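Engineer: One structure is given below, represented as structure tokens, and several questions about it will come after.
The values are calculated or read from the model by the stated rules, or taken from the named source; none is laboratory data. Worth saying up front: this structure is predicted, and the values here are computed from it rather than measured. Backbone-built Cβ (ideal geometry, glycine too); neighbour counts: all protein chains shown.
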Amino acid sequence: MKKYLLILSLLSVISCTNRHDFKPLIEINANLTRAYDTIDFVNDTLKTRLFDIELSVINKSNKPTSLWLMTCSREDNFIINNDYNYFRNPGCDSNVPLIYHLKPNDRLIWNTTIIKYYNTRYQFVNITRFGLIYIDSLQCKTINDYNNIIGDKSKQNRIIWSNPLYLNDLK
């Protein structure tokens with residue numbers, strides 16, 4: 001019985017890891033809606049640049065698909081390709097992982113703000129892209145499965161990247 005449970009556990013972990021042979025049927029579109037400067041409230045002299053971004057998750061397949069996303073803090077499900085932009089977390093109530101179902105050509109739209117701190121490292125990276133950490137509901141069925149991937153960056157190898165934004169070019 002113990003061997004059976006061990007094998008079942010291993011198969012569960014293997015089935016919920018993000019495979020390298022992943023072929024995305026999801027597209028991520030990033031659109032800049034506004035750019036503006038502000039002063040950080042913590043340090044009144046730290047000038048920051050804010051960018052309002054609309055991110056769309058689009059099912060480009062001819063079949064329905066389902067994926068895990070947080071209900072409120074979607075920044076948990078996205079990464080940014082450079083180290084000088086950060087998601088601004090607006091805070092929220094009742095934030096839990098849920099499975100979102102998308103029919104063919106359906107889209108989920110998320111409006112967010114990212115913060116660029118001036119005089120930080122790697123400002124020479126001119127392209128900003130947003131990567132969706134894709135967690136397929138067919139492979140991972142429970143919240144524990146979701147947490148296993150989202151909490152362990154070594155398992156986040158199914159990333160779907162957005163189109164590039166050239167935020168450094170905006171003055």
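Engineer: Can you list the strands (runs of 3 or more DSSP E) found entirely within region 93-146 that contain at least 1 residues being small (Gly, Ala, Ser)?
Structural biologist: 130-133
Engineer: Quick one: which residue in Lys23, Lys47 is of a type in the set (Lys, Arg) and modelled with pLDDT of 65 or more?
Structural biologist: Every option except Lys47 fails the conditions.
Engineer: Being free of Cβ contacts under 8 Å to residues at least 12 places away in the same chain and among the charged types (D, E, K, R): is that true of Lys153 here?
Structural biologist: So Lys153 passes the test.
Engineer: Just need a number here: residues in region 59-91 that are in a loop (DSSP other than H, G, I, E, B) and either closer than 23 Å to Thr48 by Cα or touching a helix residue (DSSP H, G or I) at 6+ places or on another chain (Cβ under 6 Å) (or both).
Structural biologist: Filtering region 59-91 for residues in a loop (DSSP other than H, G, I, E, B) gives 60-64, 71-73, 77, 81-84, 88-91.
Now narrow it down to the ones that are either closer than 23 Å to Thr48 by Cα or touching a helix residue (DSSP H, G or I) at 6+ places or on another chain (Cβ under 6 Å) (or both): 73, 81-84, 88-91.
Residues that pass the stated criteria total 9.
Engineer: How many residues does region 131-149 contain that are over 14 Å from Ile99 (Cα atoms), surrounded by 18 or more Cβ atoms within 10 Å (Cβ to Cβ) and touching a helix residue (DSSP H, G or I) at 6+ places or on another chain (Cβ under 8 Å)?
Structural biologist: 1
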